[in-house]
Each structure stands twice: as C-alpha cells, then as structure tokens.
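Read-outs: derived from the displayed coordinates by stated rules, not from any lab. Treat the numbers as computed from the prediction; the structure is a model and nothing was measured. Glycine gets a Cβ as well: all are built from the backbone with ideal geometry, and neighbour counts include every protein chain shown.
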Amino acid sequence: MRLDGKVAVITGGASGFGEGIVRRFAEEGARVVIADLNETAAQALARDVNGLAVRTDVSRGEDVKKLAQAATDKFGTIDILVNNAGIGHKPQPLDTLPESDFDRIIAVNAKSVFHTAHEIVPGMKAKKRGVILNIASTGGVSPRRERALRKLRPVRASSAIAPAMISGSATSASLRDSQCPLTPLRIPQGGCTTVTRVGATPAGLIGEDTGHRPRSSPVSRAFTTWR
C-alpha cells in the first residue's frame with residue numbers, strides 16, 4: 001500500500017471530493033484525520049475508515065490549531081495535508097456579490113491555507129518530511145471567458161497581467177543576477193522584465209488600435225516530494 005502508516009489530514013473531508021480522498025487514502029494504508037464543519041458526517045466516515053474526526057472551521061485559526069493538536073495527539077505526527085475545504089457562490093457578476101459572501105469565500109478558500117500552513121508546516125519542517133496538496137478548481141486557470149464577456153457588455157473585458165522580476169531600482173543587483181537567469185524556465189516572456197515593458201502591456205491590451213484581445217492560458221503544475 002502506497003500510503004501505509006502515513007498520517008493524512010484532509011480538510012472538508014466528510015463529503016464530496018474530500019470523502020473520496022479520505023476513502024482512497026485509507027485503502028492505501030493511511031491513517032486519516034477528517035476535518036469538517038459537519039461533525040456528524042465526519043464521525044460517520046471516521047467509523048468507516050477507522051480514522052479521526054475533528055469538527056473544524058478552517059477559516060478560524062483557533063480551530064485549525066486544535067485540529068493539528070488533535071491529529072498529533074492521536075497519531076504522533078502529520079505526514080500529509082490536503083487543503084480540500086472550499087465554498088463557492090451562485091453564478092453571478094462580482095459587482096452584485098455581497099461583501100459578506102466574498103469575505104467568507106476568501107476566509108474558507110484562501111486564508112484557511114495560511115492557517116493550516118501556520119499550524120502544520122512547522123512539524124513537517126522539523127522532521128524534514130511532508131506533502132501538502134491543495135485542491136482548487138479549473139475556474140482558477142481557465143475562467144469562463146465567453147460568459148464573462150456576455151455579462152460585461154458594453155464594458156470591455158479585462159485581462160490579468162503577471163510580470164516577472166523587474167530590472168529596476170526596486171530590485172537589488174544581486175537578486176537580479178541570481179534570479180533573472182532562472183526566469184526563462186518559469187516565465188513564457190523569457191526573462192526579467194522592465195518598467196517600460198510593464199507599462200506598455202496594459203496599453204496594448206486596452207488600446208482600440210492594437211487588435212489585442214484578452215486571452216487565458218491555463219498552466220498547471222504539481223510537486224510531490226518525499227525526502
């Protein structure tokens with residue numbers, strides 16, 4: 001079994017994707033910790049897989065701290081963390097989404113990763129061993145562009161610009177010298193950029209006479225390392 005004896009914490013583990021991950025990990029020999037707001041469902045699943053259920057609101061740092069403590073108290077360590085918990089909202093334009101809903105989405109989907117890192121990563125670093133998996137959505141790398149264009153009319157569609165390191169006064173020479181040769185491996189543009197180039201890009205995307213149209217290019221990479 002590939003995960004024999006490994007201790008895995010799965011957030012949002014009582015249903016959906018999380019339940020599937022929990023069951024497969026258990027089949028592969030892992031000792032699973034099911035973190036979920038639905039304590040009843042988590043406990044039922046824990047009985048099925050001989051795991052540990054911990055009621056957890058991943059948006060709350062104190063809850064995540066108790067989760068990490070419960071896992072280490074029960075199993076002595078944490079080898080694998082799966083950040084699976086997440087929520088969404090009904091399909092609607094961002095400008096009509098209530099701020100409270102947006103704040104909750106950010107707290108559960110994004111800040112929870114900070115909380116789990118804060119409480120679980122130190123233990124992994126101490127033993128120089130561990131794996132973290134983040135479950136996301138294809139919507140993050142391949143947005144529903146045509147739907148967005150229809151909803152934005154007559155507003156022109158917008159793009160996101162993600163520059164590489166800038167060769168300018170804000171970047172030290174030593175950092176540029178060490179990092180710029182590496183950027184062709186990571187950045188399609190092929191190297192460190194300049195303030196002038198970054199300034200020209202929005203103008204090119206927005207200008208009526210350029211013929212440019214916003215495009216998305218999904219890129220997905222995953223890293224799993226056992227040391």
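Structure above, values below:
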{"read-out": "Whichever residue in region 87-108 is in contact (Cβ under 8 Å) with a residue 24 or more places away in the chain and surrounded by 12 or more Cβ atoms within 10 Å (Cβ to Cβ) and, among such residues, is farthest from I21 (Cα to Cα)", "value": "R104"}
{"read-out": "Where a residue in region 1-26 is among the charged types (D, E, K, R) and its partner, wherever it lies, is assigned to a helix (DSSP H, G or I) and surrounded by 14 or more Cβ atoms within 10 Å (Cβ to Cβ), with Cβ under 7 Å and at least six apart", "value": "E19/L45; R23/V49"}
{"read-out": "Test: residue in region 71-86 that is in contact (Cβ under 8 Å) with a residue 40 or more places away in the chain, closer than 16 Å to G13 by Cα and among the hydroxyl-bearing types (S, T, Y)", "value": "no"}
